[in-house]
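Here's the structure, in structure tokens; my notes come after.
The values are calculated or read from the model by the stated rules, or taken from the named source; none is laboratory data. All of these numbers come straight from a predicted model, not from anything done at the bench. FYI the Cβ positions are ideal-geometry reconstructions off the backbone, even for glycines, and counts take in every protein chain you see. Just the protein is used for accessible areas: all its heavy atoms, side chains included, with ligands, DNA and RNA removed. Shrake-Rupley method; radii C 1.70, N 1.55, O 1.52, S 1.80 Å.
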Amino acid sequence: MARRLPVFLLFCILLLSLASGCARVQPWQREDLSDPIMIFDENPIEKGIREHPLDYREGSSGGTGSQSGGCGCG
Amino acid sequence: MGDFRRGLAIWLLASSSLLGQSEADNELQVNFNGYFDNFRVHILYPTLSLTKKIGASTRFNGRYLVDAITAASMRSRFEVDGVTSATARSVDGVTSASQRAGEDSAPEATWDEVRHEFGAGLSRDFGRGGTASANGLYSTEHDYSSKTLAGSVTYPFAKKNTVIQIGAVRSWDLSFPDTRTWSKAKDAATLSFGITQVLNPRAVAQLDASFTSNKGFLSDPYQVVRVIDGYSFRTYNTAVPDRRFRNAVGMRVNFKTTSTSSIQVGYRYYRDDWKIESNTVHAMVQRHFLDKGLTLGIGGRHYTQSKAYFFKPSYPSVEEFMTVDSKLNSCVSDELQFKLEIQSDVLKTIPILSILAADNSAFLADLDLYHRRTPTPDWFSRYRDLYAYILSFGWRVRF
């Protein structure tokens with residue numbers, strides 16, 4: 001079990017590295033990518049509003065593209 | 001339950017604004033948010049956020065949040081070493097942990113705690129598309145204070161097909177309950193790493209990893225543990241290890257399925273040295289209507305968690321570590337999310353909401369329905385099932 005995390009991390013890095021070698025999208029091909037619905041956490045304020053109460057109902061946090069700071073993490 | 005009184009921390013490292021989708025230079029956003037659950041925890045937490053360009057490549061951001069909390073557990077009295085589990089000396093309440101929420105007579109009309117949070121920071125562009133940011137945060141309430149510093153660097157490579165982000169957060173908290181004679185500190189340090197990768201003209205993926213070290217007072221000062229010995233029992237403060245190492249890694253992919261819609265799917269794995277291990281999967285579908293004047297989204301999330309190695313629903317004898325905190329119990333949770341965003345052009349046509357229709361403005365609304373089930377009842381409410389909803393209305397203007 002202890003090995004799962006680094007293995008998964010390496011797998012993801014490898015996956016992204018391979019992906020980057022397969023495609024290089026030019027700036028003029030980014031119309032779809034620039035759509036707000038394609039942006040991860042397009043509104044980080046709302047993301048925090050939604051996610052933070054869950055931090056106090058579940059024992060996990062992190063790994064979702066934003067980091068909480070401060071209190072209540074115990 | 002008492003964790004809410006420590007407040008709702010903020011998200012200091014946001015990994016948006018990647019892939020050339022630069023953040024707005026000037027933006028004001030106001031949100032009115034509420035959290036309500038069947039454990040009788042009610043929170044209202046309006047937020048005000050401002051981003052202002054203050055130089056050719058520098059932006060200032062400021063934030064203010066206030067949250068007003070009422071919770072049945074805050075009004076209860078469990079005697080521990082001569083003091084109560086209530087958060088304030090003046091609180092009246094009940095004394096039985098076996099009493100269900102809804103059976104005590106504490107009035108609901110007033111807020112039990114109010115917290116204020118102030119944040120400020122700077123972000124600066126550098127090089128060919130890089131951004132560096134630094135933020136500070138101060139949070140205060142009658143029995144808790146928190147100071148946080150955060151910094152992050154984001155830089156694109158390969159014609160912005162790959163964006164790397166590295167961040168760090170450091171916080172110093174102090175707990176000083178009215179009903180105790182001590183004050184105790186907690187420190188936290190987080191390192192995070194993210195890669196966003198364009199897969200093709202219609203798909204983008206992101207990997208996030210975070211590593212957090214907590215040390216100090218990691219317990220809840222108000223929760224109490226009952227040690228039952230035959231027909232009698234004694235109550236004790238909770239006791240948990242004073243160190244915790246938390247690791248999480250998540251990956252998500254966003255696909256543009258049609259010219260007006262997208263689907264995002266993701267997975268997160270988490271584990272820590274308290275033996276909590278969790279798996280989270282989520283998906284979100286979004287679609288534009290009315291020439292992008294209206295955007296709707298619907299999403300779902302499924303979460304499973306194992307319990308901390310020292311968690312027990314009840315303790316037959318005193319142990320070194322004891323906690324009854326439900327978030328350290330094993331659980332399964334599900335969430336359903338609805339999103340709505342209306343741009344100013346459409347806002348103008350809607351009665352009442354039309355007053356919000358300034359240029360480049362948007363009305364935002366979110367509704368989250370949440371259910372968590374634990375195998376044993378919660379220490380205070382005595383319920384296994386937590387039902388909650390989070391409601392948010394916001395108004396954003398870019399200028």
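Partner shielding of B:277-289 amounts to 2, given as the average count of beta-carbon atoms from other chains within 10 Å of each residue beta-carbon. For region B:326-341, the Karplus equation 6.51 cos²θ - 1.76 cosθ + 1.60, evaluated at θ = phi - 60°, returns couplings of 5, 6, 9, 7, 5, 6, 10, 9, 9, 9, 10, 10, 10, 10, 9, 9 Hz by residue, with Gly and Pro reported as x. Each peptide in B:190-196, B:158-164 was scored by the mean count of other Cβ atoms within 10 Å over its residues; highest first, the order is B:190-196, B:158-164. Across region B:205-219, rounded Karplus estimates of 3J(HN,Hα) from the backbone phi angles (6.51 cos²θ - 1.76 cosθ + 1.60, θ = phi - 60°) give 10, 9, 10, 10, 9, 9, 10, 10, 10, 10, 8, x, 7, 9, 9 Hz, Gly and Pro being marked x. The residues B:349, B:235, sorted by heavy-atom accessible surface at 1.4 Å with ligands and nucleic acids left out, run B:349, B:235 from largest to smallest.
Give me the inter-chain shielding for B:244-253: mean count of other chain Cβ atoms within 10 Å, whole number please.
5
Simple spin-label estimate for residue B:178 and residue B:26 gives 4.4 nm between the two label positions (7 Å along the Cα-to-Cβ direction from each Cα). Here the label points at residue B:227 and residue B:275, each 7 Å from Cα along the C-beta direction, are separated by 2.0 nm in the simple model.
Ranked from largest to smallest solvent-accessible area, with a 1.4 Å probe on the protein heavy atoms, B:277, A:31 come out as A:31, B:277. With each label modelled as a point 7 angstrom along the Cα→C-beta vector, the residue B:126-residue B:317 pair spans 5.9 nm. Let me make sure I get this right: for region B:246-399, a, b and c are the square roots of the gyration tensor eigenvalues over alpha carbons, sorted descending. Under 1.5 in a/c it's rounded, otherwise prolate if a/b > b/c, else oblate. Which is it? Since a/c reaches 1.5 and a/b is larger than b/c, the shape of region B:246-399 is classed as prolate. Across peptide B:192-203, the mean count of Cβ atoms from other chains lying within 10 Å of each residue's own Cβ comes to 6.
Here the calculated FRET efficiency for residue B:373 and residue B:234, from their Cβ-Cβ distance with R0 = 22 Å, stands at 0.15, rounded to the nearest 0.05.
The HN-Hα couplings worked out from phi for region B:294-301 by the Karplus form 6.51 cos²θ - 1.76 cosθ + 1.60 (θ = phi - 60°) are 9, 10, 10, x, 9, x, x, 8 Hz, whole numbers, x standing for Gly and Pro. The order of the peptides B:134-146, B:387-399 by mean Cβ neighbours within 10 Å, most packed first, is B:134-146, B:387-399.
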